[in-house]
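Following: one structure in structure tokens, then a few remarks.
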Amino acid sequence: MKTVAIIVAGGSGKRIEGNLPKQFLMLGDKPILAHTIEKFEKCDLVDEIILVVPEDHLDYCSQEIVERYSFDKIRRIICGGKERQDSVYIGLKACYDSTSIVSIHDGVRPFITPEIVTGSIKLCQQKKAVIVAVPAKDTIKRVECGLVTATLDRRELWLVQTPQVFEYKLILEAHKKAREENFVGTDDSVLVERMGCEVSVLEGNYNNIKITTAEDLLVAEKLLKAEAGE
């Protein structure tokens with residue numbers, strides 16, 4: 001079963017100041033995106049990687065990420081679309097027909113582990129759709145116009161991360177259907193859910209944060225030092 005990882009790094013990084021999009025900012029001795037790719041390179045079940053990056057950073061990514069760090073599994077670097085969902089769809093269309101499973105991951109989640117990548121792929125080999133998530137720790141309330149309208153049972157609530165792993169034909173069909181109906185989801189699994197397909201959950205790791213703000217980058221630096229035992 002051929003498994004392709006689509007690493008989505010097409011964002012402009014407007015919420016973090018600087019000349020480079022956030023996925024190319026340094027985290028320790030390497031760019032954030034390089035840390036992320038490294039985890040998929042180490043996973044034996046991943047056969048190849050497709051990178052989706054901003055159009056004006058294709059050459060930069062090729063030279064400063066792929067070539068500099070000698071990543072072997074990257075087969076294509078392609079430019080993303082306007083929204084994340086567009087970028088994922090472009091990545092899916094770039095897969096060969098021989099692809100069986102796709103693992104879709106945010107390029108700015110560098111603390112995913114090869115073990116979780118492997119576990120999610122193995123579960124998808126049994127099921128058709130898998131998300132990585134962690135149980136909610138905090139009490140969550142529904143608020144409208146500044147007023148609490150409900151307190152949700154956190155025992156039923158999970159915080160969704162990536163990777164999200166799918167049978168290739170299923171997620172491609174789900175994206176095509178969403179485009180036809182002008183539906184935009186907050187993640188890929190909701191596109192599958194609306195087709196009536198069950199989505200399985202693999203418990204992940206709270207360290208698998210998405211680096212979106214300058215504050216996230218500070219947290220990431222501390223996590224990296226903790227990983228190194230500093």
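All of the numbers you see were taken from the coordinates with simple rules; none came from a lab. Predicted model, so just to flag it, every value in this text is computed and none were measured. Neighbour counts are summed over all protein chains in view; Cβ atoms, including those assigned to glycine, are modelled from backbone coordinates with ideal geometry.
Quick look at the values:
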item	result
Packing-based order for 189-202, 82-95, using average beta carbon neighbours within 10 Å, highest first	82-95, 189-202
Summed side-chain charge close to K42 - residues other than K42 whose Cβ falls under 12 Å, Lys, Arg +1, Asp, Glu -1	-3
Projected area averaged over orientations for segment 150-230, convex hull of C-alpha atoms, nm²	8.5
Fewest-first sequence of D138, D188 by Cβ atoms within 10 Å of each Cβ	D138, D188
Cα gyration tensor of segment 1-129 - equivalent ellipsoid semi-axes, whole Å, descending	23, 16, 13
Local electrostatic count, R109, Cβ distance below 12 Å [Lys/Arg +1, Asp/Glu -1]	+1
Cβ-based exposure ranking for T99, T186, T118, in which fewest neighbours within 10 Å come first	T186, T118, T99
Matching label, Rg and Dmax of the Cα atoms in Å computed from the structure shown, candidates [x] 16.7, 51; [y] 17.5, 53; [z] 15.7, 48	[y]
Fewest-first sequence of V108, V66 by Cβ atoms within 10 Å of each Cβ	V66, V108
Protection proxy ranking, peptides 163-174, 148-159, average beta carbon neighbours within 10 Å, highest first	163-174, 148-159
Summed side-chain charge close to T139 - residues other than T139 whose Cβ falls under 15 Å, Lys, Arg +1, Asp, Glu -1	+2
